[in-house]
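Heads up: the structure comes next, in structure tokens.
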């Protein structure tokens with residue numbers, strides 16, 4: 001049985017990296033690998049404690065984290081990392097070049113960004129996934145509630161909250177049978193924006209943490225995700241996995257397969273990002289977003305059909321099981337592994 005160390009920054013289910021990491025660890029284990037997971041902070045433990053935990057640096061280590069956390073270890077290390085715009089911080093590049101044999105990224109745009117910014121180790125693209133069990137198809141229910149658009153407002157402006165608000169009011173200037181539900185965390189950047197719209201009866205704010213985002217998507221008739229940049233983009237795929245029509249930006253991580261699982265936003269402008277490294281990202285045109293929203297509202301059966309087709313395509317092409325199998329192919333080809341583990 002092949003063995004691998006997987007070292008991660010977080011396993012917090014409220015964090016994108018945390019959920020990404022958890023799914024990869026689980027799926028590689030299901031493929032028959034003997035996985036020894038651990039947090040980056042545990043690399044500071046005495047070596048004898050790490051041995052007691054089962055970590056053996058004679059085995060390959062896969063570190064999954066932003067590049068700033070990559071560090072030297074006493075063994076072979078591959079890194080899986082990602083970015084949301086077109087630039088990679090200098091320290092990320094140096095850490096990866098100095099300490100990693102190979103870099104894995106979740107989308108083609110990330111490949112270009114890391115390469116252009118100076119990463120010289122071999123780079124591979126392995127797409128992320130989503131979980132059919134966590135995000136089952138929603139039943140068709142006849143109800144009298146307002147047509148509900150759900151969007152996100154975390155991560156500052158990156159999830160496109162300003163674009164979502166502008167497009168909503170442009171698409172529905174006076175309709176009373178439609179509302180916008182905005183999911184954010186209690187401490188999200190943009191609370192002042194909520195204050196500016198506090199007297200808008202068609203806007204609802206959901207600021208509590210949830211055990212599963214499936215509970216949020218279950219409130220939607222359409223999921224709006226005009227994000228400016230994503231390494232992979234789990235939220236829109238999760239919503240699509242449940243059979244919802246999803247409107248998402250056709251750039252960076254969300255572009256991968258979007259024509260099969262969602263409604264692409266193809267009209268956007270590359271603008272200066274607000275991330276510290278100062279790259280560029282894609283800001284969708286508000287009018288274009290409003291047109292897609294209005295189409296879903298006026299063509300509900302056709303929009304639902306797109307959602308169901310997207311859910312089917314994701315189950316067949318972009319689950320975490322697909323991700324794990326693609327990682328295994330890389331390990332076998334480049335890590336010197338001789339045989340494939342047996343599936344459980």
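The values are calculated or read from the model by the stated rules, or taken from the named source; none is laboratory data. Quick caveat: nothing in here was measured; it's all calculated off a predicted structure. Methodologically, a virtual Cβ is constructed for each residue, glycine included, from the backbone with ideal geometry; neighbour enumeration extends over all protein chains shown.
Failed condition for residue 244, given (1) in contact with a strand residue (DSSP E or B) (Cβ under 6 Å, 6 or more places away or on another chain); (2) farther than 17 Å from residue 150 by Cα, with all others met?
(2)
For the stretch 89-104, check the following and say yes or no: at least one residue is under 23 Å from residue 18 (Cα atoms), touching a residue at least 60 places away in the same chain (Cβ under 8 Å), surrounded by 24 or more Cβ atoms within 10 Å (Cβ to Cβ) and within 17 Å of the chain's Cα centre (by Cα).
no
Could you say which residue among 307, 262 is within 16 Å of the chain's Cα centre (by Cα), surrounded by 24 or more Cβ atoms within 10 Å (Cβ to Cβ) and in the same structural domain as residue 204 (by TED's automatic domain parsing)?
After applying the criteria, what remains is 262.
Quick test of your reading of the structure: residue 269 fulfils all but one of (1) in contact (Cβ under 8 Å) with a residue 24 or more places away in the chain; (2) under 19 Å from residue 166 (Cα atoms); (3) surrounded by fewer than 16 Cβ atoms within 10 Å (Cβ to Cβ). Name the failing condition by number.
So the condition that residue 269 fails would be (1).
Restricting to the stretch 293-330, give me the number of residues that are in contact (Cβ under 8 Å) with a residue 60 or more places away in the chain and either assigned to a strand (DSSP E or B) or more than 30 Å from residue 32 (Cβ to Cβ) (or both).
Matching residues across the stretch 293-330 total 11.
For the stretch 215-231, give me the residue count where each residue is in contact with a strand residue (DSSP E or B) (Cβ under 9 Å, 6 or more places away or on another chain) and farther than 29 Å from residue 112 by Cα.
Here the count works out to 6.
Take the conditions surrounded by fewer than 19 Cβ atoms within 10 Å (Cβ to Cβ) and under 27 Å from residue 281 (Cβ atoms) and apply them to residue 74. Does it pass?
For residue 74, the condition - surrounded by fewer than 19 Cβ atoms within 10 Å (Cβ to Cβ) and under 27 Å from residue 281 (Cβ atoms) - is not met.
Looking for whichever is surrounded by fewer than 17 Cβ atoms within 10 Å (Cβ to Cβ), modelled with pLDDT of 95 or more and outside any loop (DSSP other than H, G, I, E, B) here; the options are 148, 254. Which one fits?
Details: 254 fails: surrounded by fewer than 17 Cβ atoms within 10 Å (Cβ to Cβ).
Among 148, 254, only 148 is surrounded by fewer than 17 Cβ atoms within 10 Å (Cβ to Cβ), modelled with pLDDT of 95 or more and outside any loop (DSSP other than H, G, I, E, B).
Of the residues 30, 39, which is surrounded by fewer than 19 Cβ atoms within 10 Å (Cβ to Cβ), modelled with pLDDT of 95 or more and out of contact with any strand residue (DSSP E or B) (no Cβ under 9 Å at 6 or more places or on another chain)?
30
Could you go through the stretch 25-34 and let me know if any residue there is part of a helix (DSSP H, G or I), in contact (Cβ under 8 Å) with a residue 24 or more places away in the chain and in contact with a helix residue (DSSP H, G or I) (Cβ under 6 Å, 6 or more places away or on another chain).
yes
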